[in-house]
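Worksheet: the structure to be examined is printed underneath.
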Amino acid sequence: MHTRGRTIWADQLDPGERPRLDPGVPESLARRPDVLVVGGGMLGVATAVACRDAGIGSVLLIEAGRLGSGASGGAAGLLVPESHQGSDPPALVELGRAGLARWRDLDAVVAGGVGFRDVDWIGLAPRPDGFVADPPPSAEWLDAAQVGQLLPGLRPAVAAVRIQHQGRVNPLRALSRLSALIPQVATGCSAIAVGASGGRVRTVSTSAGTITPGAVVFATGSPPRLDGLDLRLPASLVKGHLVVTEPVPVTLPGIVAPLATQIEDHRLLAGGTLDTDDPTVGVRADVTARIQGELAAALPPLGRVRVTHRWCCWRPRHPDGLAVIDQVPGLSNAWVTSGHYRTGILLAPAAGAALASWITTRRRPGYLQSWGMARSSMTTVTPGGTASEGRV
Ligand SMILES: Cc1cc2nc3c(=O)[nH]c(=O)nc-3n(C[C@H](O)[C@H](O)[C@H](O)COP(=O)(O)OP(=O)(O)OC[C@H]3O[C@@H](n4cnc5c(N)ncnc54)[C@H](O)[C@@H]3O)c2cc1C
């Protein structure tokens with residue numbers, strides 16, 4: 001499902017970054033790449049980059065629309081592994097920490113960076129069941145008076161927890177910058193069917209003809225549904241809305257969850273709703289008005305703040321809320337990474353590196369044990385999943 005509405009991320013791109021999101025199909029499309037990555041969201045792009053970094057010579061990424069046209073281009077772009085401590089499985093927190101570390105590395109090694117911003121995260125009124133019971137080592141507790149100094153006028157006055165040195169990105173900028181590292185990218189190119197024999201994928205039929213890959217990674221957001229690929233993973237989509245305000249006269253100390261994040265030009269990014277019972281496919285004015293109303297009520301010094309950007313997108317989700325990062329059963333040269341739900345931007349560089357290592361060494365990295373598709377929870381549906389201290 002494509003992101004709908006107007007994102008701030010697209011408006012922030014510079015003229016050099018925009019065309020890289022939609023290069024089309026190259027005339028000399030690699031028909032026999034060592035690795036074919038299907039899907040040009042953050043998982044696909046990060047995996048393709050990691051494959052290249054692992055020394056795989058020929059990597060082709062194909063994307064049905066433009067890079068980032070799914071959830072990745074509409075995400076809030078927050079990289080806050082520590083907020084998941086106590087409420088999500090330790091495996092997610094661990095991979096999230098590795099993801100944040102890799103985002104920093106990528107920002108340092110990619111020419112011009114990937115637009116990574118180091119920011120502090122303030123979680124207002126942390127829940128006693130999760131975070132407070134099992135805080136990460138870097139948690140710093142703030143009483144209501146200290147919070148009042150950081151956020152003058154905040155209503156109601158509450159205690160908070162601060163974690164320094166988390167991150168955020170403009171996901172479209174990051175996709176654009178990272179895509180420059182991938183040997184070949186084709187957009188407007190859909191995978192349609194898979195031809196497999198002898199326990200291997202032999203061919204992938206696409207809208208631009210047949211590809212004969214050495215290995216293939218399906219990074220299609222929701223699990224791939226392709227003729228010839230017998231992969232029936234349970235999954236759903238969870239819609240979410242975000243808004244961005246005009247520049248405001250209030251300074252937030254970074255990401256203030258679940259209220260808002262200060263982004264470029266002194267604007268505020270707010271929302272990340274979990275619209276579990278909303279079957280509609282467009283931006284809903286009542287939902288964005290509610291986000292705006294909650295923001296104004298919590299921060300009266302904002303006054304009558306105007307919203308300039310409203311959009312929605314859909315989180316791909318497996319029943320237990322945890323992604324799948326695994327080899328396709330019965331196919332020795334095919335992998336899938338799907339259902340990254342609320343943390344795909346954070347996890348992508350670490351998940352991609354893990355897949356690249358698995359492809360090159362033929363051995364599953366030990367820390368991927370929890371991310372397999374055979375886990376029993378894949379058959380237990382828990383609507384909405386767990387809630388972390390953040391909202392995205
Ligand atoms: C409102 C909201 C806020 C969020 N905020 C955050 C956040 O702050 N931090 C965070 O870490 N995560 C966040 N997320 C979650 C994050 O957006 C997702 O987990 C992540 O984008 C999933 O990435 P992906 O690459 O797996 O999927 P996608 O971005 O959906 O990419 C999959 C791509 O595959 C392509 N595709 C599908 N089928 C085919 C085919 N057959 N052939 C070719 N291409 C195909 C699609 O067109 C799509 O572009 C948020 C999500 C939402 C909805």
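The values are calculated or read from the model by the stated rules, or taken from the named source; none is laboratory data. Note that this is a predicted model, so its numbers are computed, not measured. Reconstructed Cβ throughout: ideal geometry from the backbone, glycine too, with neighbour counts over all protein chains shown.
Tabulated data for the structure shown
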item: Output for region 180-218, where each listed residue is more than 13 Å from the ligand (Cβ to nearest atom), over 20 Å from the mean Cα position of the chain (by Cα) and of a type in the set (A, V, I, L, M, F, W, C); result: A196, V201, A215
item: Residue match in region 321-335 (condition: within 19 Å of L233 (Cα to Cα), without any contact (Cβ under 8 Å) to a residue 40 or more places away in the chain and more than 10 Å from the ligand (Cβ to nearest atom)); result: yes
item: Region 74-99 residues that are touching a residue at least 24 places away in the same chain (Cβ under 8 Å) and of a type in the set (A, V, I, L, M, F, W, C), paired with ones that are part of a loop (DSSP other than H, G, I, E, B) and within 8 Å of the ligand (Cβ to nearest atom) (beta carbon under 8 Å, 6 or more apart); result: A75/V392; A76/G272; A76/V392; L78/G390; L78/V392; V80/G390; L92/T343
item: Residue list for region 55-81, filter: more than 6 Å from the ligand (Cβ to nearest atom), hydrophobic (A, V, I, L, M, F, W, C) and buried (at least 24 other Cβ atoms within 10 Å of the Cβ); result: V59, L60, L61, L67, L79, V80
item: Test result for D118, among the charged types (D, E, K, R), away from the ligand (no atom under 16 Å from the Cβ) and surrounded by fewer than 17 Cβ atoms within 10 Å (Cβ to Cβ); result: no
item: Selection status of G40, within 7 Å of the ligand (Cβ to nearest atom), outside any loop (DSSP other than H, G, I, E, B) and over 18 Å from T361 (Cα atoms); result: no
item: In region 22-42, the residues that are among the hydrophobic types (A, V, I, L, M, F, W, C) and touching a Gly at 6+ places or on another chain (Cβ under 6 Å); result: V37, M42
item: Qualifying positions in region 336-347 - near the ligand (Cβ under 7 Å from one of its atoms) and at negative phi; result: T337, S338, H340, R342, T343, G344, I345, L346, L347
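Residue-by-condition table, conditions (1) modelled with pLDDT of 95 or more; (2) over 27 Å from S83 (Cα atoms):
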position	(1), (2)
A133	no, no
I163	yes, no
A191	yes, yes
G199	yes, yes
